[in-house]
Ligand SMILES: C[S@@+](CC[C@H](N)C(=O)[O-])C[C@H]1O[C@@H](n2cnc3c(N)ncnc32)[C@H](O)[C@@H]1O
């Protein structure tokens, strides 16, 4: 099988056969096409010859009928929102948080479940790079198939760091010394034993959860497992802004909720997390019999 370099050469230079191009009309409506010699793209406005783009730069304006379309290679964030979906995808803002807060580094050995539509897999693959390893588990073969097609279309072929395994993470996970485990699945609390066994000391588990009940079950299971540091949980909200002349204000509409994130680090075997002692804040009511200091599990501050 031909392994392509999924790097910069796919993302720059003159437009070539097989490249994806996003055409955006003046109203912001988008069409994504894959360039092929002698092929045409038809809209109700008219016809575009793919040859008129092939060999030229991106960032150009092409006319279809009387309408001007901007032609650009899609960004990864554009691509994941327009690609075919099996399962709901991780949104780009959350994929960005996961890469940063789960500290996905070049060369890392990362395990992911489930693979769904492959959206998060692409961000993880970019972060681990060709020298890393991403093993993605998915229990539904039809979703794995969609994900593989999406990822290969984006990178222009199989990514050398990626292995997809069809199966349930609980029974199929047989890797050890893993640096990071990223879970986007219905019931991550059911796989905590398997994740703990796979992670190396100092490794990190990161869970993406849609609801507060899932967040609570996951955090409580990690906390009581005894092999993890105190879990940290958060969500991020991204609000677009309308900026035009003096009309500078938040957009009226936003995506209000996507999911919660939670991370915890794997302790070395047999280690108890240290307990941090803190003075109660000024004015906090004294509890009967309480010492002047409060004991809390060690919890690094979130930025
Ligand atoms: C929301 S989707 C994942 C979406 C994916 N992160 C993306 O960005 O495209 C959740 C997936 O987890 C899979 N899944 C749930 N439990 C699993 C398990 N125990 N082992 C493997 N896959 C699992 C489901 O079949 C589903 O495809």
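If you take every DSSP beta bridge fully contained in the chain, what fraction is antiparallel? Give it as a percent rounded to 5.
Details: 35 of 54 bridges.
So the antiparallel bridges amount to about 65 percent of the total.
Sort 21-33, 113-125 by packing, meaning the average of other beta carbons within 10 Å per residue, with the highest value first. Display every interim value, and only then the final one.
On the way: 21-33: 14.7, 113-125: 26.2.
Sorting 21-33, 113-125 by mean packing, highest first, produces 113-125, 21-33.
Rank-order 89-97, 75-83 by packing density, defined as the average count of other C-beta atoms within 10 Å over each peptide's residues, highest first. Walk me through the numbers on the way to the answer.
On the way: 89-97: 20.2, 75-83: 16.8.
Top of the packing list down: 89-97, 75-83.
Please work out the C-alpha center-to-center distance from the stretch 102-142 to the stretch 75-98 and express it in whole Å.
That distance is 13 Å.
Among 126, 12, 140, which one shows the highest mean-square fluctuation when the chain is modelled as a Gaussian network with alpha-carbon springs under 10 Å?
Evaluated over the chain, the most mobile residue of the options is 12.
For the stretch 64-162, what D do you get in µm² per second when you plug the Kirkwood radius from alpha-carbon pairs into Stokes-Einstein at 37 °C and 0.692 mPa s?
This corresponds to a translational diffusion coefficient of 233 µm²/s.
Which percent of the Cα-Cα distances in the stretch 18-57 go past 14 Å?
45
Send over the Kirkwood Rh of the stretch 104-149, from the inverse of the averaged 1/r over different Cα pairs, rounded to one decimal Å.
Values: mean 1/r = 0.0953 Å⁻¹.
Taking the inverse mean of 1/r over all distinct Cα pairs, the stretch 104-149 comes out at 10.5 Å.
Given the options 146, 104, 64, state which has the largest fluctuation in a GNM of the chain using a 10 Å cut-off (strictly under) for Cα springs.
Ranking 146, 104, 64 by mean-square fluctuation puts 64 first.
Largest first and in whole Å, give the semi-axes of the chain's equivalent ellipsoid, each being the square root of 5 times a Cα gyration tensor eigenvalue. Present the calculation step by step, with values, prior to reporting the outcome.
Values: eigenvalues 371, 128, 47 Å².
They are 43, 25, 15 Å, listed from largest to smallest.
Just so you know, all these numbers are worked out from the coordinates, no wet-lab data involved. Note that the structure is a prediction, hence the values are computed from the model and not measured. Quick reminder, even Gly has a Cβ in these numbers, built from the backbone with ideal geometry, and neighbours come from all protein chains shown.
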